[in-house]
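Report on the following structure.
The values are calculated or read from the model by the stated rules, or taken from the named source; none is laboratory data. What you are looking at is a predicted structure, and each value in this text was computed from that prediction instead of being measured. A quick note on method: Cβ atoms are made from the backbone with ideal geometry, for glycine too, and the neighbour counts reach across all protein chains shown.
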2 protein chains.
Amino acid sequence: MVALGGNAILKAGQRGEFELQIENTREAAKIIANLVEKGYHLVVTHGNGPQVGDILLQNETAVKAVPPSPLDACVAESQGLIGYMLIQSMDNEFRKRNIGMQALCVLTRTIVSADDPAFENPSKPVGGYYSGEESRKLKKEKKWKMVQDSARGGYRRVVPSPVPVAIAEGELLKTFFHSSENRREILIVSGGGGIPVIRKGKGYRGVEAVIDKDLAAQVVATSLGVDELFILTDVDSVFLDFGTEKQHPLRSATVDEMKRHISEGQFGRGSMLPKAEAAVKFVQMGGKRAVITSQEKMFDALDGKDGTTIFEND
Amino acid sequence: MVALGGNAILKAGQRGEFELQIENTREAAKIIANLVEKGYHLVVTHGNGPQVGDILLQNETAVKAVPPSPLDACVAESQGLIGYMLIQSMDNEFRKRNIGMQALCVLTRTIVSADDPAFENPSKPVGGYYSGEESRKLKKEKKWKMVQDSARGGYRRVVPSPVPVAIAEGELLKTFFHSSENRREILIVSGGGGIPVIRKGKGYRGVEAVIDKDLAAQVVATSLGVDELFILTDVDSVFLDFGTEKQHPLRSATVDEMKRHISEGQFGRGSMLPKAEAAVKFVQMGGKRAVITSQEKMFDALDGKDGTTIFEND
């Protein structure tokens, strides 16, 4: 399973022009095609931060013309948007190389617990920037939780980021993935961490939240029973003592070693920490190895020459 | 295969509030569950007119804050949005009734011909209303074709509505649909007529167009080799001499009879005509029967007591 980094769709500093994003997904599609040519049977997931942010901003800006959609529906829209860019780019690359595979994007919901403490403590800023007055109005009318953004000024909505528990489509996708007849497809699933839902009665109900895409990737990877999880990001490997004089790359670690690094606070909360946690949990739950690296260094990382590989304990 | 009518998601006169749409999809889910309990192995498709219209309007309204997406990408977003409402509503209904099935929504692209005459003659109005001055600017800057809307005043963009030729994901979906292991899923595909693409080199390229959902439903139904196509709409059956004193429902017709009604101009271009054409083509291409009816009269129609059934020639 490959969890594409945010820069597979939009690189730092770029705005969300569709043509630009498609150029980036074309690059990502080449990496995927290389893996397929190496014999990997892949499942792909991806983030949606800038895209769902843009969709929210469009909803908020056009609020007088169009009733805005809740956040879970915006995540669903972003799965449609990004899924389309990825299937088109991947298929075109496969067809160019005469690889008899095709990308298939399945909408995916991620189940979270209604009791997750994140619902009491929303922390993830999303959507546009508002003045103090607008912020007070939104708090009152929409019951949004707002925080002041000290860097850019103004107020932003914050939403919960609960821990993924399971994938609503997990069983079906597992059957599909392992059925030998379907070896011609590359599944794209759980985009943006999945559409967040909680259990309600016998069924599900959407919730306004965002789910970390790497933590969700682990849940998908474990549910489908894949052997390896590749988490791609914008750095070539995990670093220890990051940002200090002692900074150095971590080439490999066992689950226990990685857990120690996590408990020592080696990794940034919004950046490397969820990737490290996802990697550890994937291997703990039976995965053979997890690799954290960049799109560029992926192949060196698979040979252990770059990136960070997390193995089970000896 | 069931092609849901627009009123399965948004009824006439309603605006696009998410909660309202979910209420409608819950009703549609009951019909689907009834069919499943009758033993049907279903594929479901749906329209996206009001939803893609809202997404376009959001894109146009927020143009200064967010680079707007092309129409094909907006269709992809609408497949995400509507697909989410349908899988959630259908799953909840299945789980309530202890039906061991699950809905799965797959993003689907519809291939059209780059030579389709519709590209020379865009006719389908989409998005917001503009003043004469704005309209001239959009024509110049974006090369949009604009038409004056005499009823509401103002100018609107018109886009091509080419004929669907094939489904890019057709082969994979056919394998999936017929694989006995996967009898637990109800596929939702080709929403809004599918994301419009043309062939380019060995691959595909998105085009700014909209595809009739009923014509696309026929292409999907024929590609998957399903037996029956149910086209749901807001009238209980096809009428002959519609709007005249002689108006009467058509209970059944052979392909040749239906073709004669079509050539006599019995059916409205933007409404019943594509449904009649889709029904005829489906049966001509090997389908057992096509039924055009309303959600409410569906079960009577299956027994021949209501609706309009199109059979092959004797």
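Collect the residues in the stretch A:54-68 that are in a loop (DSSP other than H, G, I, E, B) and either at the interface with chain B (Cβ under 7 Å from one of its Cβ atoms) or touching a Leu at 6+ places or on another chain (Cβ under 8 Å) (or both), keeping them in residue-number order.
A:62, A:65, A:66, A:67
For (1) hydrophobic (A, V, I, L, M, F, W, C); (2) at pLDDT below 95, each residue gets a yes or a no:
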residue: A:153; (1), (2): no, yes
residue: A:161; (1), (2): no, no
residue: A:167; (1), (2): yes, no
residue: A:171; (1), (2): no, yes
residue: A:185; (1), (2): no, yes
residue: A:192; (1), (2): no, no
residue: A:196; (1), (2): no, no
residue: A:210; (1), (2): yes, no
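Would you please name the residue that is nearest to residue B:268 (Cα to Cα), looking only at residues in the stretch B:237-254 that are touching a Ser or Thr at 6+ places or on another chain (Cβ under 9 Å) and among the small types (Gly, Ala, Ser)?
Per the stated criteria, the residue is B:237.
Any idea which residue in the stretch B:69-81 is farthest from the other protein chains (Cβ to nearest Cβ), counting only those that are in a helix (DSSP H, G or I) and more than 22 Å from residue A:110 (Cβ to Cβ)?
Residue satisfying both the conditions and the ranking: B:71.
Tell me which residues, restricted to the stretch B:32-49, are touching a Gly at 6+ places or on another chain (Cβ under 7 Å) and surrounded by 20 or more Cβ atoms within 10 Å (Cβ to Cβ).
The answer is B:45, B:46, B:47, B:48.
Mind telling me which of the residues A:84, A:40 ends up being outside any strand (DSSP E or B), free of Cβ contacts under 8 Å to residues at least 24 places away in the same chain, facing chain B (nearest Cβ under 7 Å) and more than 17 Å from residue B:62 (Cα to Cα)?
Testing whether each residue is outside any strand (DSSP E or B), free of Cβ contacts under 8 Å to residues at least 24 places away in the same chain, facing chain B (nearest Cβ under 7 Å) and more than 17 Å from residue B:62 (Cα to Cα) leaves just A:84.
Table: residues versus (1) under 19 Å from residue B:190 (Cα atoms); (2) in contact (Cβ under 8 Å) with a residue 24 or more places away in the chain; (3) among the β-branched types (Val, Ile, Thr).
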position	(1), (2), (3)
B:217	yes, yes, no
B:223	yes, yes, no
B:243	no, no, no
B:254	no, yes, yes
B:282	yes, yes, no
B:290	yes, yes, no
B:294	no, yes, no
B:301	no, yes, no
B:306	no, yes, no
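Please find, within the stretch B:87-116, the residue that is nearest to the chain's Cα centre (by Cα) out of those that are part of a helix (DSSP H, G or I), within 8 Å of chain A (Cβ to nearest Cβ) and surrounded by fewer than 24 Cβ atoms within 10 Å (Cβ to Cβ).
Selected residue: B:92.
Based on this model, can you work out whether residue A:66 counts as among the hydrophobic types (A, V, I, L, M, F, W, C) and either buried (at least 24 other Cβ atoms within 10 Å of the Cβ) or touching a residue at least 60 places away in the same chain (Cβ under 8 Å) (or both)?
In short, no.
Mind listing just one residue for me: the one in the stretch B:200-222 that is within 14 Å of another protein chain (Cβ to nearest Cβ) and not hydrophobic (A, V, I, L, M, F, W, C) and, of those, surrounded by the fewest Cβ atoms within 10 Å (Cβ to Cβ)?
B:201
List the number of the failed condition for residue A:230; all other conditions in (1) buried (at least 21 other Cβ atoms within 10 Å of the Cβ); (2) within 14 Å of another protein chain (Cβ to nearest Cβ) hold.
So the condition that residue A:230 fails would be (2).
Mind checking which residues of the stretch B:172-199 are free of Cβ contacts under 8 Å to residues at least 24 places away in the same chain and within 8 Å of chain A (Cβ to nearest Cβ)?
Passing the criteria: B:172, B:175, B:176, B:179, B:181, B:182.
Quickly run through the stretch A:148-171 and pick out the residues that are under 24 Å from the mean Cα position of the chain (by Cα) and either within 14 Å of chain B (Cβ to nearest Cβ) or not in a loop (DSSP other than H, G, I, E, B) (or both).
Within the stretch A:148-171, A:156, A:157, A:158, A:159, A:164, A:165, A:166, A:167, A:168, A:169, A:170, A:171 qualify.
Residue by residue, here is whether (1) under 22 Å from residue A:229 (Cβ atoms); (2) in contact with a strand residue (DSSP E or B) (Cβ under 9 Å, 6 or more places away or on another chain) holds:
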{"residue": "A:3", "(1), (2)": "yes, yes"}
{"residue": "A:8", "(1), (2)": "yes, yes"}
{"residue": "A:13", "(1), (2)": "no, no"}
{"residue": "A:26", "(1), (2)": "no, no"}
{"residue": "A:48", "(1), (2)": "yes, no"}
{"residue": "A:56", "(1), (2)": "no, yes"}
{"residue": "A:61", "(1), (2)": "no, yes"}
{"residue": "A:66", "(1), (2)": "no, no"}
{"residue": "A:84", "(1), (2)": "no, yes"}
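Before we move on, is residue A:119 aromatic (Phe, Trp, Tyr) and either within 22 Å of residue B:88 (Cβ to Cβ) or more than 10 Å from chain B (Cβ to nearest Cβ) (or both)?
Spelling it out, residue A:119 is indeed aromatic (Phe, Trp, Tyr) and either within 22 Å of residue B:88 (Cβ to Cβ) or more than 10 Å from chain B (Cβ to nearest Cβ) (or both).
Could you tell me whether the stretch A:135-152 includes any residue that is more than 20 Å from residue A:52 (Cα to Cα), surrounded by fewer than 18 Cβ atoms within 10 Å (Cβ to Cβ) and either in contact with a helix residue (DSSP H, G or I) (Cβ under 9 Å, 6 or more places away or on another chain) or β-branched (Val, Ile, Thr) (or both)?
Yes: the stretch A:135-152 contains one or more residues that are more than 20 Å from residue A:52 (Cα to Cα), surrounded by fewer than 18 Cβ atoms within 10 Å (Cβ to Cβ) and either in contact with a helix residue (DSSP H, G or I) (Cβ under 9 Å, 6 or more places away or on another chain) or β-branched (Val, Ile, Thr) (or both).
For residue B:65, all conditions in the list (1) within 16 Å of the chain's Cα centre (by Cα); (2) at pLDDT below 95 hold save one; what is the number of the exception?
(1)
Can you list residue pairs whose Cβ atoms sit under 8 Å apart, with the first residue in the stretch B:128-143 being of a type in the set (Asp, Glu) and the second being surrounded by 12 or more Cβ atoms within 10 Å (Cβ to Cβ)? Count only pairs 6 or more apart in sequence or on different chains.
Matching pairs, first to second residue: B:134/B:155.
Any residue in the stretch A:13-32 that is under 19 Å from residue B:207 (Cα atoms) and more than 9 Å from chain B (Cβ to nearest Cβ) sitting within a Cβ distance under 6 Å of a residue that is in a helix (DSSP H, G or I) and of a type in the set (Ser, Thr, Tyr)? List the pairs, counting only those 6 or more apart or interchain.
A:25/A:89; A:26/A:89
Name the helices (runs of 4 or more DSSP H) wholly within the stretch A:220-302 that hold at least 2 residues that are more than 15 Å from the chain's Cα centre (by Cα), modelled with pLDDT of 95 or more and of a type in the set (Lys, Arg)?
Once the helices (runs of 4 or more DSSP H) in the stretch A:220-302 are filtered for at least 2 residues that are more than 15 Å from the chain's Cα centre (by Cα), modelled with pLDDT of 95 or more and of a type in the set (Lys, Arg), what remains is A:255-263.
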